[in-house]
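Any read-out appearing in this document is the output of simple, stated calculations on the displayed coordinates, not a laboratory observation. Since the model is a prediction, treat every value here as computed from it, not as a measurement. Neighbour counts are summed over all protein chains in view; Cβ atoms, including those assigned to glycine, are modelled from backbone coordinates with ideal geometry.
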Amino acid sequence: MAAYEMILTEVQGKVAIIRLNRPKALNALCDQLMEELGQALRGFDADPEIAAIVLTGSEKAFAAGADIKEMQSRTYPAVYLDDFIGKRWEAVTHVQKPVIAAVAGYALGGGCELAMMCDIILAAENAKFGQPEINLGVIPGAGGTQRLTRAIGKSKAMEMVLTARMMDATEAERANLVARVVPLDQLLPEALKLGEKLATLSAPAVAVAKEAVNRAYETTLAEGVKFERRAFQALFATEDQKEGMAAFAEKRPAQFRNR
Ligand code: CO8
C-alpha cells in the first residue's frame, strides 16, 4: 500500500476507511493531502475486494477547508493555468463505489464541499458545516454554491454562503444536508455498518443505483427517468438480478456474486 503522510488508510472487511490526518491544521486540504486522497480513492475504487469507502477526519475536524496559507499568495494566472488544482478536488466525484462521509467537528469551506461530493453524509452530534469563504474575500470554489443549494435549497444556502453562518448537526439533518446524526462515539461504527450493508448487496446494482441518483442532479426529469429505466432494464442482464429475485421467491437470503 502506498505510504501516505496526510491520510491514514485501513480496510475492515470489504470497507475501506480513509482518515484525513493533518491534525495540526485541522485537516486543512492542501495540495499534497488532496493528491494522496485522490490516489487512495482511485486505489480502493479499483480494488475488487472493496465494496464501499468511508471518508472521515478527526473528532475535532472533518476538514476546516482548503489550506488558506497555501492559497494565500497564489495569483489568478497561476490558479487558472494550474487547473489541475481544481481537477484534483474532483477525485471523489469519479469514484464508482459508494463513498460515505463520516463527519465530526468542522466541515468548513472545502471540507463541507468535500463531504457534499460524497454519496451519503453521516454526522456526529458535534459536526458543524459552513462555507466561510466570504470572510476571506472569496467564494466556495469546489462546488459549494451548487451542491449546497441543491441539498438545502436557495434561501438557506444563500444565508450560509453570503454570511458564513455555520449549521450544527441537528439543523443539517433537518435541512437534508446529512442523512443521519449519531453520537460521536458511534460515528465510525455506524459508517462501517452502512458500508458492510452495502457490501452484502449486488455491486453492479449499487453502482448503477448511485449513478442513477446522481443523474437527478445533472439532468432534466425526463432524461433522468429515461436513464433510470434503461439502467433498470440493463440489470436484468446480471446474475445478481436472477439470484435476488429467486432468493425472494424461495424465501432465503440472496447470495450475490457481483456479476
Ligand atoms: N487552512 C490552513 N490552516 C488552517 C485552516 C485552513 N483552512 N483551518 C485551521 N487551520 C490551522 C490554523 O491556522 C491553526 O494553525 P496554527 O496552530 O499553526 O496557528 C490550526 O489549524 C488550529 O486552528 P485554530 O487555532 O484556528 O483552531 P480554533 O479551534 O480556534 O478554530 C476554526 C477552528 C473555526 C475551524 C478556525 O480554524 C477557522 O476558522 N479555520 C478556517 C476556516 C475557513 O475559513 N475555511 C475555508 C477555507 S477556504 C476554502 O476552503 C475554499 C475551498 C475551495 C477549494 C477549491 C480548490 C480548487
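Binning the C-alpha pair distances of region 1-134 at 5 Å intervals from 0 yields a P(r) profile of 2, 11, 21, 25, 21, 12, 6, 2, 1, 0 %, listed from the shortest bin outward. Scanning residues 5 or more positions from Gln131 or on other chains, those with amide H under 5 Å from its amide H are Gly109, with H placed 1.01 Å from N in the peptide plane. Checking the cross-link pairs Lys154/Lys210; Lys193/Lys251; Lys193/Lys226; Lys87/Lys154; Lys14/Lys69; Lys156/Lys193 against a 29 Å limit on the alpha carbon distance flags Lys193/Lys226; Lys14/Lys69; Lys156/Lys193 as lying beyond it. Applying the Karplus relation 6.51 cos²θ - 1.76 cosθ + 1.60 with θ = phi - 60° to region 140-155 yields 3J(HN,Hα) values of x, x, 10, x, x, 5, 8, 5, 5, 4, 5, 6, 10, x, 5, 5 Hz, where x marks Gly and Pro. Computed from the C-beta positions of Arg180 and Gln32, the FRET efficiency with R₀ = 30 Å rounds to 0.40.
Kirkwood's formula applied to the C-alpha pairs of region 85-198 gives a hydrodynamic radius of 14.2 angstrom. In whole percents, the pair-distance distribution calculated for the chain from its alpha-carbon pairs, binned every 5 Å from zero, is 1, 6, 12, 16, 18, 17, 13, 9, 5, 2, 1, 0, 0, 0. The orientation-averaged projection of the convex hull spanning the C-alpha atoms of region 63-115 amounts to 4.2 square nanometres. Averaging 1/r over each pair of different alpha-carbon atoms in region 28-97 and inverting the result gives 13.6 Å, the Kirkwood hydrodynamic radius.
Phi angles of region 210-218 translate, via the Karplus equation with coefficients 6.51, -1.76, 1.60 and θ = phi - 60°, into HN-Hα couplings of 4, 4, 5, 5, 4, 4, 4, 7, 10 Hz per residue; Gly and Pro are given as x.
Put simply, the amide H of Ala61, placed in the peptide plane, has neighbours under 5 Å in Tyr106, leaving out anything fewer than 5 places away on its chain. When peptides 53-59, 102-108, 235-241, 178-184 are sorted by average Cβ neighbour count within 10 Å, with the highest value leading, the order is 102-108, 53-59, 178-184, 235-241. Evaluating kT/(6 pi eta Rh) at 37 °C and 0.692 mPa s, with the Kirkwood radius of region 135-259 over Cα pairs in the Stokes-Einstein relation, gives 184 µm² s⁻¹.
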